[in-house]
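Below is one structure; the comments refer to it alone.
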Amino acid sequence: MPNNESKSQGVALGLDFGTESVRALLVDLRGGERGMAVARYRHGQLTETLPGTGEKLPADFALQHPQDWPDSAARAVRFLVDNLGPDGVWSESVEYSWIPHVYNSRVAWAMLRWAGATADDGARHAAERHLEWVLGRQRPNGWFDDCVFKPGTEPSTHGLAYTLRGLLESHALTGESRYLDAVLCTSEVLIRKLEVLGYLPANFDEDWRPAARHACLTGTVQLGGVWLRLFQIGGDDRYLNAGLKAIDLAAGRQERGPWRATRGALAGSFPVWGRYAPLQYPNWAAKFLADALMLRDDCLAA
């Protein structure tokens with residue numbers, strides 16, 4: 001647990017999944033190391049024989065035991081279940097910035113997938129309890145309270161997209177119509193903003209007034225993916241068109257210059273000096289762009 005000094009300064013947790021173990025490193029936001037721990041995989045690294053059959057591995061082969069993956073997932077789910085309160089909110093000690101976040105609907109989505117694969121009713125009930133809390137944080141105009149990364153900031157399209165995708169995929173897994181209704185409510189507002197403004201500002205206030213002049217390219221392309229998934233689920237061409245427009249806007253800002261260090265990357269903001277990851281090319285931005293482009297191909301092929 002971070003001490004009071006690290007809590008006042010802010011800390012970040014990094015996880016490095018290696019071939020034999022996972023290393024957790026806790027640092028303050030000035031780069032000072034506050035703690036480190038290593039958890040070894042139960043079966044370690046396989047370099048000689050395959051488990052079960054005893055078949056010899058070729059030279060220079062190194063594999064993980066497949067059981068280490070579900071074992072690790074089970075421990076992670078148990079941690080989430082144990083730290084979720086009866087109100088559907090995770091305890092402050094395990095939340096980023098020590099505040100609740102509706103974008104953890106994505107976590108609930110993963111828990112529902114785990115429950116479906118393993119018949120883990122505890123995980124399913126915990127996920128549903130959190131999603132009930134998320135629904136309770138949505139206002140009639142589609143706005144979500146507790147949709148910020150840090151206190152005192154406005155929700156970004158990045159956080160909104162996380163929230164909507166978690167709800168949408170949870171609907172796809174469970175058939176719960178209220179999850180879908182929540183996604184549609186917020187999406188209608190954002191699609192209208194995209195139509196009127198020609199782009200999606202990075203932030204909005206509680207009355208959906210733009211609170212930024214720059215775009216969060218990650219959030220734009222993520223929302224495009226949400227709307228393509230809505231098209232796949234419901235067949236409404238309006239969501240196909242909105243999704244394609246959002247993805248094309250982000251893809252049009254992909255770096256295609258000669259410098260190898262940034263070629264293919266997507267900036268955090270447009271303009272690049274915007275407040276979301278200013279003057280940076282986050283790896284997750286490129287990841288969400290790739291996800292959306294593959295989803296676009298699937299929708300157009302259909």
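The values are calculated or read from the model by the stated rules, or taken from the named source; none is laboratory data. Treat the numbers as computed from the prediction; the structure is a model and nothing was measured. Here the Cβ is made from the backbone with ideal geometry for all residues, glycine too, and neighbour counts use every protein chain on show.
Go through (1) modelled with pLDDT of 95 or more; (2) closer than 27 Å to Ala202 by Cβ; (3) in a helix (DSSP H, G or I); (4) of a type in the set (Gly, Ala, Ser) one by one and return the number of the condition Gly142 breaks.
(3)
For segment 245-256, which positions are under 21 Å from the mean Cα position of the chain (by Cα) and either surrounded by 21 or more Cβ atoms within 10 Å (Cβ to Cβ) or in contact (Cβ under 8 Å) with a residue 40 or more places away in the chain (or both)?
Of everything in segment 245-256, those that are under 21 Å from the mean Cα position of the chain (by Cα) and either surrounded by 21 or more Cβ atoms within 10 Å (Cβ to Cβ) or in contact (Cβ under 8 Å) with a residue 40 or more places away in the chain (or both) turn out to be Ala246, Ile247, Leu249, Ala250, Ala251.
Results for (1) crowded, with 18+ Cβ neighbours inside 10 Å; (2) more than 24 Å from Val221 (Cβ to Cβ), shown as yes or no for each residue.
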{"residue": "Ala127", "(1), (2)": "yes, yes"}
{"residue": "His130", "(1), (2)": "yes, yes"}
{"residue": "Pro140", "(1), (2)": "no, yes"}
{"residue": "Phe149", "(1), (2)": "no, no"}
{"residue": "Pro155", "(1), (2)": "yes, no"}
{"residue": "His158", "(1), (2)": "yes, no"}
{"residue": "Thr163", "(1), (2)": "yes, no"}
{"residue": "Glu169", "(1), (2)": "yes, no"}
{"residue": "Leu173", "(1), (2)": "no, no"}
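Got a number for residues in segment 227-244 being of a type outside the set (Gly, Ala, Ser) and crowded, with 18+ Cβ neighbours inside 10 Å?
The total comes to 8.
As an exercise: evaluate Asn283 against (1) within 15 Å of Thr186 (Cα to Cα); (2) surrounded by fewer than 13 Cβ atoms within 10 Å (Cβ to Cβ); (3) polar (S, T, N, Q) and give the number of the one condition it does not meet.
Evaluating Asn283 over (1) within 15 Å of Thr186 (Cα to Cα); (2) surrounded by fewer than 13 Cβ atoms within 10 Å (Cβ to Cβ); (3) polar (S, T, N, Q) leaves (1) as the failure.
Quick check on Leu266: is it touching a residue at least 40 places away in the same chain (Cβ under 8 Å), within 21 Å of Trp227 (Cα to Cα) and either out of contact with any helix residue (DSSP H, G or I) (no Cβ under 9 Å at 6 or more places or on another chain) or not in a helix (DSSP H, G or I) (or both)?
For Leu266, the condition - touching a residue at least 40 places away in the same chain (Cβ under 8 Å), within 21 Å of Trp227 (Cα to Cα) and either out of contact with any helix residue (DSSP H, G or I) (no Cβ under 9 Å at 6 or more places or on another chain) or not in a helix (DSSP H, G or I) (or both) - is met.
Only residues that are in contact (Cβ under 8 Å) with a residue 24 or more places away in the chain, in a loop (DSSP other than H, G, I, E, B) and under 19 Å from Glu169 (Cα atoms): list them for segment 80-136, please.
Gly88, His101, Asp120
Regarding Trp273, is this residue assigned to a loop (DSSP other than H, G, I, E, B) and either surrounded by 14 or more Cβ atoms within 10 Å (Cβ to Cβ) or of a type outside the set (A, V, I, L, M) (or both)?
Criteria met by Trp273.
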